[in-house]
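The values are calculated or read from the model by the stated rules, or taken from the named source; none is laboratory data. Given the structure is predicted, the values throughout are model-derived calculations rather than measurements. No Cβ is skipped: glycine too gets one built from the backbone with ideal geometry, and neighbour counts run over all protein chains shown. The protein model used for the area step is the full one, side chains on, heavy atoms only, and it has no ligands, DNA or RNA in it. Shrake-Rupley method; radii C 1.70, N 1.55, O 1.52, S 1.80 Å.
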Amino acid sequence: MSRNGQRGVTLVELMVALVIGSVAVLVIQQVMAVFEGQRRTSTGGSDAQVNGAVALFSIEREIRQAGYGLFSGSGSLCPLGINIYYNGTTVSNGGTLRPVVILDGGAGPDAIEFLRSDTDFAAIPTSIIKNMPNVSSIITADSSGGLAVNQMFLVIGKEGSKVCTLMQMSQDPQKTGNGWDLQHNSGQHLYNPPTPASAFTVAPKYEIGDAVVNMGNFVHGRYQVLCDRLTEVNPTRTAAPYTCANTTPLVDEIVDLQAQYGIAAAGTMQISQWCNATAASACGDWSNPGAADVSRIRAVRIAVVARSVQYEKEQVSPASLALWAAGDPGDPPPSRTLTDAERHYRYKVFTTIVPIRNVIWGG
């Protein structure tokens, strides 16, 4: 065959094709990298949106229910305080009954604690119809109150005249000729002290006219941000200090929680100030509100800060995050300062005001 009949690709043409192909591959890689970065940013933002919403909903739900079973139409059932014992430790020795407590975290996140009954029956007081001869005696009431073995009940003085005591049922209520016996055998269950008079400074003997409230499993919870996640713990059952190891994780990538009390003037319903839970608050000392001040706390304003998991090459967040707008009377709104490293992440701030409805209705 003649050489003039042969066809092929020259070396120059092959090199040009390789260069064009390489450029095309680089362009495609760059486009894919940008697209993947945008996808991760979008996905991270979506995750932060979901995490923040779930965290806010969890806290809001508990604050709305706080105080259930602890207030009546005339206010707190335990204005003189409450006795709580658990597993060898006196948790509350006549301490003030607070349905919601903000624990100021200083430069770090705040924590929020709450108390309530979780009974499905009804947290309606039933009357005691027999005097207790001693502080460990059986409680005899005019109704079983829907109680069952292992559940908790709160014993209260008539018109708030005595320190309240949390007790645990040793067995199901027993019907007698003129009422129901509520056994709370000392030392048999974790919430019943072996010797109430030794566990509490004031261990009342409850009498005819005093009352019992079904507390169900007695919800005592604490929400706190630890290790960049929202955690929950029962402060009655778990002693401080609280760490990632002794709390239950609820929502990841939550980096801050801040809260303020909504305070009404005595005898009024309308909130007039928003106050930090500190001794240095512009509203006065709200670090440890007493019984008279508890009834003035009408709502809690909370802010939750959620963070995206995506680390951005450039700083994409401001140096400081405003958690809610300024302008309300009381303490200024909190903010969160971000370090240079933290500014490489994206953040979403969720804010709401939650009325403490059981306190409002009880007022």
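Some points to look at:
- Accessible carbon and sulfur surface of the chain relative to its total accessible area, %, 1.4 Å: 53 percent
- Helix 11-65 vs. the chain, principal-axis angle (Cα, 0 to 90°, nearest 10): 10 degrees
- Averaging the sequence gap over all C-alpha pairs within less than 8 Å and six or more residues apart, then dividing by the number of residues, gives the chain a relative contact order of 19 percent.
- Note on Lys313: lysines with a C-alpha under 28 Å away, same-chain residues under 8 apart excluded, are Lys348.
- Accessible area (Å², 1.4 Å probe, nearest 10) - Lys205: 100 Å²
- Cross-link partners of Lys130 among lysines (Cα-Cα below 25 Å; sequence separation of 8 or more within a chain): Lys158, Lys162, Lys175, Lys205
- Taken about its Cα centre, the range 81-205 carries a charge dipole of about 440 debye when Lys and Arg each add +1 at the Cβ and Asp and Glu each add -1 at the Cβ.
- Approximate spin-label separation Ile28-Tyr311, in nm, with each point projected 7 Å along Cα-to-Cβ: 3.0 nm
- Length added when fully stretched, Ala292-Asn234, from 0.36 nm per residue minus Cα-Cα: 18.3 nm
- Each residue, Ala280 and Ala107, gets one label point 7 Å from its Cα in the Cβ direction; the gap between the two is 1.2 nm.
- Rounded FRET efficiency, nearest 0.05, which uses the C-beta distance separating Asp118 from Ile353 and R0 of 22 Å: 0.35
- Loop-located GluC sites (Glu not before Pro) in the range 266-357 (DSSP state not H, G, I, E or B) with no more than 15 neighbouring Cβ atoms inside 10 Å: Glu314.
- Accessible solvent surface per residue of the range 301-363, calculated while the other protein chains remain in place, 1.4 angstrom probe, Å²: 53 Å²
- Placing +1 on the Cβ of every Lys and Arg and -1 on the Cβ of every Asp and Glu, with no other charges, gives the chain a dipole of roughly 460 debye about its Cα centre.
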